[in-house]
Amino acid sequence: MAVLNLQNLISAIKNPLHCFLYYFMSLTAALQDMDGLRERALEESHM
């Protein structure tokens, strides 16, 4: 019974952690895209 509770606890911790990591990764990717767009805009404005 204790093992089952432990597994439930682990999965309960893992799911929000997985969601957070997914959110963090997509946020990082979005920020990198914004940096790329900003650099491109700067290059075009310097021409």
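Each value in this text was obtained by applying a stated rule to the coordinates, not by laboratory testing. Everything numeric in this text was worked out from a predicted model, so none of it was measured. Virtual Cβ from ideal backbone geometry, glycine too; neighbours counted across all protein chains shown.
Before moving on, here are some points about what is shown:
- From the list ALA2, ALA41, the one residue that fits, being loosely packed, with under 10 Cβ neighbours inside 10 Å and of a type in the set (A, V, I, L, M, F, W, C), is ALA2.
- Of the residues making up the stretch 12-31, those that are surrounded by 10 or more Cβ atoms within 10 Å (Cβ to Cβ) and not aliphatic (A, V, I, L, M) are LYS14, ASN15, HIS18, CYS19, PHE20, TYR22, TYR23, PHE24, SER26, THR28.
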